[in-house]
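Here's the structure, in structure tokens; my notes come after.
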Amino acid sequence: MTINPNQTHGLRIRFAANLREHRQTQGLSQEALADLAGLHRTYVSQVERTVTNVSLDNVFKLAQALGVDAHLLFLPRGDEVVGKKGEVKLGGAKHLTPVKVAAKKAGGRR
């Protein structure tokens, strides 16, 4: 069985969006969440922007800091659409990674 990279990235997008939503609902800054989880603020920022892949240990730390079960951070969202290639789209717009955004600003394609 071959793993589709679009699907694994889509899972990171879903996790990041759910993490951000839970954090903001609780009125926490990235720095406050990081402190509660014993992580660095820049790491939380990178996870929310899907710049870095999050370990299972850190998923558990973040969930505990938010007071939620870890599986809730992986549930599909109401505004989520999965494209033909398995890519996740939120709010009807395709999620752009930071690399794609930089390339788009430079006028190139990536």
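The values are calculated or read from the model by the stated rules, or taken from the named source; none is laboratory data. The model shown is predicted, which means the values in this text are computed figures rather than measured ones. Here the Cβ positions follow ideal geometry from the backbone for every residue, glycine too, while neighbour counts run over all protein chains shown.
Numbers below:
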read-out: Residue within the stretch 27-47 that is in contact with a Pro (Cβ under 7 Å, 6 or more places away or on another chain), under 15 Å from Leu73 (Cα atoms) and surrounded by 17 or more Cβ atoms within 10 Å (Cβ to Cβ) present; value: no
read-out: Filtered residue count, the stretch 58-72, keeping only those that are in contact with a His (Cβ under 8 Å, 6 or more places away or on another chain) and at pLDDT 95 or above; value: 2
